[in-house]
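The values are calculated or read from the model by the stated rules, or taken from the named source; none is laboratory data. Note that the structure is a prediction, hence the values are computed from the model and not measured. All Cβ positions, even for glycine, are placed from backbone atoms using ideal geometry, and neighbour counts span all protein chains on display. The area values use the complete protein model at the heavy-atom level, side chains included, leaving out ligands, DNA and RNA. Shrake-Rupley method; radii C 1.70, N 1.55, O 1.52, S 1.80 Å.
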Amino acid sequence: MKIELRKFTEENKQDLIKLCNAIDRKYLSDRLPHPYTQESADWWLNMLSENDEKKGVWRAIYADDKLVGNISVEQKSDVYHKDGEIGYFLLTEYWSKGIMTEAAKQICALAFEKLDIIRITGLYYEPNVGSGRVMEKCGFKFEGKLRNGVVKGDDVYNLCIMGLLKEDFENSRVNKEV
Ligand SMILES: CC(C)(COP(=O)(O)OP(=O)(O)OC[C@H]1O[C@@H](n2cnc3c(N)ncnc32)[C@H](O)[C@@H]1OP(=O)(O)O)[C@@H](O)C(=O)NCCC(=O)NCCS
């Protein structure tokens, strides 16, 4: 399967809307609008036109030319400004095919190339072991957890913190395999 990262544009806007309305939100933050409307997509494209490759890198994941997911690294501010936070999601029918591991390697390489950052942070809710594994396979190390750090609906989760240093990524084999 060919996994590529492409920019979001007016051309793939309708696919973006379908994606965001179809996604499993169980382990996602509530930041993603629901339902995801034309206005949500317009806001998103405008935000990207101002910030992409300056304050973060945001990409659509294509598997064999179909838009199947979203991935980004967003640069933080204040004293955290040399850190970026990774986030991603994939349509359920495409899970467990290695797609996100490949997409995450690609976005980390792009983020370290385009942004003035020295590390990338990844946060996942403890039961979301697939997400933790994706990060491990990209070279992230477990750095600790915020116990009961997340309340989503009726569920309370520990928030696991993963970190990837730029120097480690550049020296690692995962980077060279991208
Ligand atoms: C979490 C998610 C991104 C994983 O993506 P994916 O493309 O299915 O992951 P991969 O196929 O690259 O798998 C990576 C590893 O995780 C494992 N894995 C994936 N899903 C898993 C699951 N539900 N339970 C246990 N392991 C899982 C795979 O077996 C693989 O490990 P292995 O190579 O040692 O066998 C995807 O399930 C998703 O989008 N979920 C909904 C949104 C979400 O949770 N986003 C992340 C928020 S932090």
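Just name one of VAL150, LEU115, LEU5: the one whose Cα is farthest towards the positive end of the charge dipole of the chain (beta-carbon charges, Lys/Arg +1, Asp/Glu -1).
Value: VAL150.
Step through the table entries LYS26/LYS55; LYS2/LYS114; LYS13/LYS145, compare each Cα-Cα distance with 32 Å, and write down the pairs that go over it.
Those over the limit are LYS13/LYS145.
Considering only protein heavy atoms and a probe of 1.4 Å, how much of the accessible area of the stretch 3-177 is carbon and sulfur, as a whole percent?
49 percent
Leaving out ligands and nucleic acids, and using a 1.4 Å probe, what accessible area per residue does the stretch 3-177 come to in Å²?
Dividing the accessible area of the stretch 3-177 by its residue count gives 55 Å².
For PHE142 paired with THR9, estimate the spin-label separation in nm (one decimal), with each label point 7 Å from Cα along the Cα-to-Cβ line.
So the two model labels end up 4.3 nm from each other.
Hey, rough spin-label estimate for LEU28 and GLU85, points 7 angstrom out along Cα→Cβ, what's it come to in nanometres?
Taking the simple label geometry, LEU28 and GLU85 are separated by 1.5 nm.
Top mean-square fluctuation among VAL134, VAL156, VAL68, Gaussian network model of the chain, C-alpha springs under 10 Å?
Residue with maximal mean-square fluctuation among VAL134, VAL156, VAL68: VAL156.
Would you work out the relative contact order for the chain, in percent, from Cα pairs under 8 angstrom that are 6 or more residues apart?
Taking the mean separation of contacting Cα pairs over the length of the chain, I get 19 percent.
Determine how many Å³ per residue the convex hull of the Cα atoms of the chain encloses. Let's see the in-between values first.
Numbers: hull volume 21.2 nm³, N = 178.
Considering the Cα atoms of the chain, their hull volume per residue is 119 Å³.
Magnitude of the Cβ-charge dipole of the chain, K/R +1 and D/E -1, about the Cα centre, nearest 20 debye?
420 debye
Please return the longest stretch of the chain lacking exposed loop sites, where trypsin sites (Lys or Arg not before Pro) count only if DSSP places them in a loop and at most 13 other Cβ atoms lie within 10 Å.
Details: sites that count: LYS2, ARG25, LYS26, ARG31, LYS54, LYS82.
Longest site-free region, per DSSP loop and neighbour criteria: 83-178.
State the antiparallel share, in %, of DSSP beta bridges confined to the stretch 1-157, rounding to the nearest 5.
80 percent
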